[in-house]
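One structure is given here, and the rest of the page talks about it.
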Amino acid sequence: MCRCGSPVEAETHAALLARGVATGAQLSKDVPRLRTQVNPAPDKSYSRPTNITTWVLVALGCEGRIVRGRPNGSWTSSQYSWVPVESWLPGGVAALSVEQARAELVGKWLHAFGPAPVSDIKWWTGWTLGEVRATLAGLDVIEVDLDGAVGVLLAEDTEPVAAPEPWAALLPALDPTPMGWQSRGWYLGPHGPVLFDRNGNIGPTIWCDGRIVGGWVQRKDGEIVYRLVEDVGSEYVAMIEREVAKIAEWFGDVRVIPRFRTPLERELTT
């Protein structure tokens, strides 16, 4: 585990240790250099100078030195408190070599998303193909056929799985299920252009029996509306309607304001 970092990271970590728990705003008062501003894309019209506070805190989190705590206010808030990692793990995060960390990560990914092509692992991790193949060589995996393409699967995950009862579910934007694969045709079909934005972010989706069949949105008055992109039949429509009612009740008076809108979301909110 890397414990190195910039002087401002060291100052921020020390300030958080002194406070025990703090927000980014509180830490920026203790460490004035956190208010340093940078313009990440000065040649772009949308770029604006921004403080480095969040970047430093995220870097410290990635190094295993601090942990993001609960949001301030309601669960929809994007403002969080931060605590030293020792508050959660007295001994800190166990040190791992790069090879051990990669093996652990890919093993967990395959457990959740396998089988999948090697190219999907490369896409999801951002590693080189050589790094992915070297990691897979240290895992107990087998090759399987994915409708004519080669995929990899954990050797321990080869037992047949009983087919579930028919089901429907509403998943939120950026849910890890639809974001887990690069090769999405088998569950997404041709519906990507209306359900993803131009940056590859997926909006709220409707699933039936392991495939995406539509999208949904919460309007300003709290109403949950949806549109199906496939004909699923009356039985599934009834299940979807029940899920819509449940999620509307779950939201209650809470209103979620998305940071991005997909084409289908824009359509449903106009």
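The values are calculated or read from the model by the stated rules, or taken from the named source; none is laboratory data. Just so it is clear, the model here is predicted, and its values are computed rather than measured. Every residue, glycine as well, gets a Cβ built from its backbone with ideal geometry; the counts of neighbours run over all protein chains shown.
See the values below:
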| read-out | value |
| --- | --- |
| Residues that are among the aromatic types (Phe, Trp, Tyr) and either in contact with a Pro (Cβ under 6 Å, 6 or more places away or on another chain) or on the phi > 0 side of the Ramachandran plot (or both), drawn from the stretch 60-117 | TYR80 |
| Selection count where residues are over 18 Å from the mean Cα position of the chain (by Cα) and assigned to a strand (DSSP E or B), scope the stretch 78-120 | 5 |
| Counted residues, the stretch 224-270 - those being in contact with a Cys (Cβ under 9 Å, 6 or more places away or on another chain) and in a helix (DSSP H, G or I) | 3 |
| Candidate set: the stretch 1-17, residues that are over 11 Å from LEU57 (Cβ atoms) and in contact with a Gly (Cβ under 9 Å, 6 or more places away or on another chain); chosen: the one modelled with the highest pLDDT | ARG3 |
| Answer from GLY233, GLY210, GLY222 - the residue that is farther than 25 Å from TRP75 by Cα, of a type outside the set (Asp, Glu) and over 24 Å from the mean Cα position of the chain (by Cα) | GLY233 |
| Of residues in the stretch 255-270 being touching a strand residue (DSSP E or B) at 6+ places or on another chain (Cβ under 9 Å) and farther than 14 Å from ALA173 by Cβ, the one modelled with the highest pLDDT | GLU267 |
| Filter pass, VAL161 being of a type in the set (Val, Ile, Thr) and surrounded by fewer than 12 Cβ atoms within 10 Å (Cβ to Cβ) | yes |
| Those residues of the stretch 49-97 which are at pLDDT below 90, among the charged types (D, E, K, R) and closer than 30 Å to VAL254 by Cα, in sequence order | ARG70 |
| Qualifying residue in the stretch 205-216 (condition: buried (at least 16 other Cβ atoms within 10 Å of the Cβ) and either among the small types (Gly, Ala, Ser) or touching a Cys at 6+ places or on another chain (Cβ under 9 Å) (or both)) | yes |
| Evaluation of SER74 against (1) touching a residue at least 24 places away in the same chain (Cβ under 8 Å); (2) farther than 28 Å from GLY91 by Cβ; (3) assigned to a helix (DSSP H, G or I) (one fails), failing number | (3) |
| Residues (over 15 Å from ALA15 (Cα atoms), surrounded by 13 or more Cβ atoms within 10 Å (Cβ to Cβ) and assigned by TED's automatic domain parsing to the domain that holds GLY20) located in the stretch 69-95 | GLY69, PRO71, TYR80 |
| Test: GLU143 is of a type in the set (Asp, Glu) and either over 16 Å from HIS111 (Cβ atoms) or touching a residue at least 24 places away in the same chain (Cβ under 8 Å) (or both) | yes |
| Members of the stretch 164-180 that are assigned to a loop (DSSP other than H, G, I, E, B), surrounded by 12 or more Cβ atoms within 10 Å (Cβ to Cβ) and either without any contact (Cβ under 8 Å) to a residue 40 or more places away in the chain or among the small types (Gly, Ala, Ser) (or both) | PRO172, ALA173, LEU174, ASP175, GLY180 |
| Helices (runs of 4 or more DSSP H) within the stretch 1-65 that include 1 or more residues among the acidic types (Asp, Glu) | 7-19, 24-30 |
